[in-house]
Every structure is written in C-alpha cells, then in structure tokens.
C-alpha cells in the first residue's frame, strides 16, 4: 500500500528532528490528515506543518503513540529491502559481540525496527511483534529473517499483553519447523534448559546476562537468596561459583521445577549436600516469613517483574520497589551484597536508586553503590528515546555495623 501523508501540528516536529521516533495523537494535525480515516498499521510519510518531509513510518489511529518513524530517507520506505538491511546490521553487531548465537537479535527502536523483537537460540528464532504497523509487515519480516539467518525454526511469541494496546490478538504460532520443547544454552560455565515456545517473554532474559556474570567480581557468597528467580539464572551462577547454599523464590511452581532441573544439569542439585532450596509463593510473603524466621544471607538478589507498566502507576510502583528492597535488606548480613533490579522503563535510574536508599534508611542500614548495571549490548538503547534504557541493576554493599 502506498504511504499516505501524516501532517503534524505547528512545531510538533521538534522531537523527531532531535532523533525521536514516536508521534503522539495530540501532535497530529487531524484537520489536514484525519486519523479516523487511516487504518491500523498503514504506511505514512510524516510531514511538518510547513511541508518539511520528516520520514517514513506507520500509523495506528487507536493508539496514544499513533505513529512510529522507521526511516529518515525518502528512498528507503518500510518494506522488504529496509527490513533485510536492518536485520543484517543487527546481526553484524551481535556477531562481533558474542561467540555463540544466543542473544537478542533485534531490539525494536534500538535496531531501527520499532515493534519488532527477535531472540536467537541458535537456529531457532523467537519473534515478538508488538505494533499494528509491524504486524502488517509480518510476511516481509519473516521472509527477511529467513533470508538473512536461514533458521530451521521460527516461533511467533505474540502472547504479550502489550499487543492489546494496538488492537492485536495474543497467540503463539510456530511458523517454521515445530516446537522442540526444551533446548540448552550456556551462560558462562553454567548450562540452562529453556523453552522458547513457552515461559516468560521469549523463554529467557538475555538482557541480564552481563549483570549475572558481573556478580562474580564480588567474590563467593556462602548463602544466597534469589528472589523472582524464574529459571534460576542468578542463583545457579552463584552456586557454580561456590556458594554453600542458594534459596530460590518464585510464584510459579513450574519455574521452580525448572530451577531444580537446571541445578541437576550442572551438578548443583539437592542430593545430600542440600545446596539448593526452592520456596514457592508471593515474593513479599516469602521474604516476610524468612525475616520472621531470622534467616540471613550474604547475597540477596531481587529481580522482580515490572511494578510500573504505565506512567500513572509510578507512585504505587515506587512504594512496591521500596517495600521489596526493605524486605531484602532485612535478610542481608552485614557486609553482604544486595543485587536489585528494575525493568520498569517509566522508573528512571535515579528514582530507583532513591527507592532503594529510602528502604535502606528505613531499615537503618548504610549502603555503598559498587556497580550500576544496565541491559546488555544486544539490547541497544536509542539515545533519543529514554524508555529504551529500561533495565537498572544495582550492586550495593551493606556496610558492616560499627
């Protein structure tokens, strides 16, 4: 379909000229180009009020972010050639960064492909399409992935709730090959069984890989607590590094079963040593119970799901982060290491650090910030879109008592 013009109101092109890629519905001159006449996902050419051509994109009149810019070159509209070019560029970066083909291959706006996420597990690709514009390009997206990577399996993990905001259905489809069930990947010296066709996100959290390995810089902890552990990636790294015991907490029994299986896979299982313990339940409730039992750990890891999914939830979410960190600090031995994360993109690093510091003061603890981690380089940040720098991981030491 030929692109149609989408004209902006006076001075509303400033963010786009500064490098941003989103257009909000209140920035559109709907008298000149009525949004109601446009179809979700329809290609558009973004044009400033005085006629300046800004770029190619796509529109969704039913979304607050009603248009996304894809290309700033007139001769490079969204289509097969552009998709293949951007995927080639994304692949070239990852091949320089990683020895093995396990990483996030395409990271939305960070790779110039808004609405598209692709995680690579060897010759299997897990694809997530989150916007009507990219959904409209789905046949070309899949063709470009097959052309560039020659995978043997592709699964569409279109079961994310964010698709509802774009008026899209949620579903999981194997569009190339069949579901192999569990596959194995390595992170450092530790092996994990993951299922790209099921589980959270696309089966694995590649964004924390560098941070999980960075914990080794701080030595071995005897007793470790891994909260919201999913498949045990944080805690099993600590166990492999020599921890005497690791306690895993998650609200999903299925995840804890996979933790145990992954521990056995690496020779870290329960057996006679009792190194691995799993606790099923709500993180807040389990932490309170551990506190009441007088438990103590030299390393506490808090990696919860996003507490702030919408900007209006920021105040309540900030309180949740503070409560979680207060409970974690109550279990941290003097001199111990707190590793705490937030993946809420509406919650900036300074605000997150403030919440943790508030938790420390209310717990009468003094903290030292040793390292501030972010998402790995396979999750590139768009410099003009703050929301793409979503992951914050803080490594903090609790000062020993006087």
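Extension gain for residue 292 to residue 73 (0.36 nm times residue separation, less C-alpha to C-alpha distance): 72.7 nm. In this calculation the C-beta distance from residue 362 to residue 306 is compared with R0 = 25 Å, giving a FRET efficiency of 0.65. Taking the fewest neighbouring Cβ atoms within 10 Å as the starting point, the ordered list for 31, 366 is 31, 366.
Expressed as a rounded percentage, what relative contact order does region 1-148 have, with Cα pairs under 8 Å and six or more residues apart? Intermediate results must be reported in sequence, preceding the final value.
On the way: 270 pairs, mean separation 28.4, N = 148.
Across region 1-148, relative contact order equals 19 percent.
Spin-label model, residue 4 to residue 81: label points 7 Å out along the Cα-to-beta-carbon direction sit 2.5 nm apart. Once the Cα atoms are used to define both axes, helix 314-330 deviates from the longest principal axis of the chain by about 20 degrees. For the residues 89, 21, 189, a GNM of the chain with alpha-carbon springs under 10 Å puts the largest fluctuation on 189. Modelled label positions at residue 164 and residue 314, each set 7 Å beyond Cα in the direction of Cβ, lie 2.3 nm from each other.
Counting every other Cβ atom within 10 Å of each residue's Cβ, 345, 205, 248, 218 order from fewest to most as 218, 345, 205, 248. Which of 94, 315, 136 moves the most in a Gaussian network model of the chain with Cα springs under 10 Å? Highest fluctuation of the listed residues: 315.
For region 4-71, the direction-averaged projected area of the alpha-carbon convex hull comes to 3.8 nm². Estimated at 0.36 nm per residue, the fully extended path between residue 98 and residue 37 surpasses their Cα-Cα distance by 17.4 nm.
Summarising the strand pairing of region 183-398, around 45 percent of its internal DSSP beta bridges are antiparallel. A simple spin-label model places pseudo-atoms 7 Å from Cα toward Cβ; at residue 254 and residue 387 they are separated by 2.8 nm.
Nearest 0.05, what FRET efficiency do residue 200 and residue 369 give at R0 = 30 Å with Cβ-Cβ as r? Before the final figure, lay out each step's value.
Numbers: r = 28 Å, r/R0 = 0.94.
E(calc), rounded to 0.05, equals 0.60.
Looking at the square roots a ≥ b ≥ c of the eigenvalues of the Cα gyration tensor of region 246-334, which shape do they give, rounded for a/c under 1.5, prolate if a/b is larger than b/c, or oblate? Verdict is oblate for region 246-334. By the count of neighbouring beta-carbon atoms within 10 Å, fewest first, 73, 288, 104 end up ordered 73, 288, 104.
Would you calculate the convex hull of the Cα atoms in region 80-176 and tell me its volume per residue in Å³? Each step should come with its number before you reach the end.
On the way: hull volume 8.2 nm³, N = 97.
It comes to 84 Å³ per residue, whole-number rounded.
Taking the longest Cα principal axis of the chain as reference, the axis of helix 80-97 is set at about 30 degrees. Relative contact order for the chain: 11 percent, from Cα pairs under 8 Å spaced at least 6 residues apart, divided by residue count.
Secondary structure note: in the chain, about 65% of the DSSP beta bridges are antiparallel. For the chain, a Gaussian network of Cα nodes joined below 10 Å ranks 118, 175, 44 by mean-square fluctuation, and the top entry is 175.
So if R0 is 45 Å, what FRET efficiency would residue 20 and residue 323 give, r being the distance between their Cβ atoms, rounded to the nearest 0.05?
Working: r = 34 Å, r/R0 = 0.76.
After rounding, the FRET efficiency stands at 0.85.
Taking 0.36 nm per residue of sequence separation and removing the Cα-Cα distance, the residue 147/residue 266 pair yields an extension gain of 39.2 nm.
Note the angle between two axes, namely the Cα long axis of helix 138-149 and the longest principal axis of the Cα atoms of the chain, as a number of degrees from 0 to 90, rounded to the nearest 10. Its long axis makes an angle of about 60 degrees. For the chain, the 222 nm mean residue ellipticity estimated from helices alone, with every DSSP H stretch of n ≥ 4 adding -39500 (n - 2.57) and the total spread over all residues, rounds to -8000 deg cm²/dmol.
Only the coordinates and a few stated rules stand behind these numbers; no lab work does. This one's a predicted model, so the numbers in the text were calculated from it and none came from an experiment. Glycine also receives a Cβ, built like all others from the backbone with ideal geometry; neighbour counts cover every protein chain displayed.
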